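Okay, structure first, notes after.
We did not get these values from a lab; they are worked out from the coordinates using the rules stated. What you see is a predicted model; the values in this text were computed from it and never measured. Here the Cβ is made from the backbone with ideal geometry for all residues, glycine too, and neighbour counts use every protein chain on show.
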Amino acid sequence: MRDRFKLFSCCIPVKGYLRSTLYDLQRKNYLFIPNSLFDILTNHTGKTFDEVLQLVDDDEREQVEKYLTYLLGKEFIFLCAKEDLECFPPLTPSWESSAEIDSVIIDINENSNYNYAIIANDISRLRSKVIQLRIFSIKGKQEIAGMINVFSKTDTKSLEVIFPNKEGVSVEFIKEIIDKNSRVTSLFIIDSPNKELSDYKQATVRYTADKITSESSCGIISKAYFDCHLNTYCESQNFNTCLNKKIAIDVNGIIKNCPSCAQSFGNIRNTPIRVAMEHPDFKKLWGISKDQIDVCKDCEFRHMCTDCRAYIKDPENIYSQPAKCTYNPYIAKWEDEEGYVSVEECGTYSREKGFIVDDKKVEALNMALWGA
Ligand code: SF4
Ligand code: SF4
């Protein structure tokens, strides 16, 4: 008899301080669930609905039954026979990559004067999956086309380019870039109020009116950047979701973990990338996972969120929360939502012990906000 419930192996509950999320790594989506349901899904999988309902308080029974029925209808859980329970093992979230480097960021402005062809050649040997060219300012559109052409000759799978809307950056110009460079998968045109083209052939084309003039625009934490995906979920268990297997060259040619990081590993003019990578500190940020970060370790989004290590709340504490995060997981509110208070109002930071939550204060805040 098929009466035992199990989560589909791609559906994974992640517990936060106030609420949990149920990640659907196949459909790349997520659902908020109460922490009490997280406990049921993790501790009572393999039981019948009736067995679960016997375990909960009388006043919660109806609600729990509704939740389970909902999850069944939406195919987060399924029913199977007792003897088949072992046939559906949970996901083992291991992560590995055969490439030495998975992503490269190259920042360019009008003063950058390093040799792009040499860099492209150096990068090619690393077999990086993604190269991101971030062109903040430049003389003209032909220079943009020339750079894209140089990096398109590497064997990367994906060339993503951010560049400003210079005079002459027309729909025809954009189409020509994509036509000529099959590795271009994304063009992001900044300082551009017009949205003249969406996607074309293999590339997505996006526009923003924002003026992005330097690397300091990076590190934003936003729902829009969450990546509820198997690869991110698995990588985030043991690695940094932004800097793992990343290398960057800033506008001055300095080799770094990312252009916003402080530490230099040499200048591209006189340091081959491989030599920079041999520096003992080069990989030290790669293994910092979200479960080690103050506040993030209490956040239900931590396995789909980017982990910025360049802009952090306490520069002396590499485990402190991303500075540009505007979410407070202790009250489940974003800064632009009614009732938001900052994380700092919910506890105290300590370099030795991390963030210490003031549970009583948070309980009172949540009672006022949510009535619970
Ligand atoms: S560490 Fe932060 S600033 Fe650097 S690339 Fe990642 S998100 Fe951007
Ligand atoms: S607290 Fe902010 S930065 Fe940390 S995981 Fe949550 S949303 Fe991301």
Worksheet entry | Check: the chain dipole with +1 on Lys, Arg Cβ and -1 on Asp, Glu Cβ, in debye | 1500 debye
Item to complete: Pick out, from PRO329, ILE249, SER112, the residue whose Cα sits farthest towards the positive end of the charge dipole of the chain, with +1 on the Cβ of Lys and Arg and -1 on the Cβ of Asp and Glu.
Response: SER112
Response to the item:
Surrounding charge for TYR114, neighbours by C-beta under 12 angstrom, Lys/Arg +1, Asp/Glu -1, total -2
Worksheet item: Near ILE249, within a Cβ-to-Cβ distance under 9 Å, what is the net charge of the other residues, with Lys and Arg +1 and Asp and Glu -1?
Response: -1
Worksheet item: Using the per-residue mean of other Cβ atoms lying within 10 Å as a proxy for protection, in what order, highest first, do the peptides 14-24, 326-336, 205-215 fall?
Response: 14-24, 326-336, 205-215
Discussion item. Can you show me the helix-derived [θ] at 222 nm for the chain, built from DSSP H runs with n ≥ 4 at -39,500 (n - 2.57) apiece and divided by the number of residues, rounded to the nearest 500.
Written reply: -7000 deg cm²/dmol
Worksheet item: Got the relative contact order for the chain handy, in percent, Cα pairs under 8 Å and 6 or more residues apart?
Response: 14 percent
Practice prompt. Calculate, for ASN267 and THR92, the FRET efficiency according to 1/(1 + (r/R0)^6) with r their C-beta to C-beta distance and R0 41 Å; round to the nearest 0.05.
Written response: 0.45
Worksheet entry | Protection proxy ranking of 63-73, 305-315 - average other beta-carbon atoms within 10 Å, highest first | 305-315, 63-73
Discussion item. Apply the Karplus curve 6.51 cos²θ - 1.76 cosθ + 1.60, θ = phi - 60°, to the phi angles in segment 16-32 and return the couplings in whole Hz, x for Gly and Pro.
Written reply: x, 5, 9, 8, 10, 10, 10, 7, 10, 6, 7, 8, 6, 8, 8, 9, 7
Response to the item:
Once LYS139 and GLU60 are pulled to full extension, the length gained, defined as 0.36 nm per residue separation minus their Cα-Cα distance, is 21.9 nm
Worksheet item: At PHE32 and TYR225, where each label point lies 7 Å from the Cα along Cα→Cβ, what is the point-to-point distance in nanometres?
Response: 2.2 nm
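I'd like the FRET efficiency for TYR70 and ALA364, computed as 1/(1 + (r/R0)^6) with the beta carbon distance as r and R0 of 45 Å, rounded to 0.05.
My answer for the efficiency is 0.90.
Given LYS223/LYS313; LYS246/LYS353; LYS211/LYS284; LYS166/LYS246; LYS47/LYS333; LYS211/LYS324, which pairs have Cα atoms separated by over 26 Å?
Violating the 26 Å limit, Cα to Cα: LYS246/LYS353; LYS211/LYS284; LYS166/LYS246; LYS47/LYS333.
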Worksheet item: What is segment 1-123's relative contact order, in percent, from Cα pairs under 8 angstrom and six or more apart in sequence?
Response: 31 percent
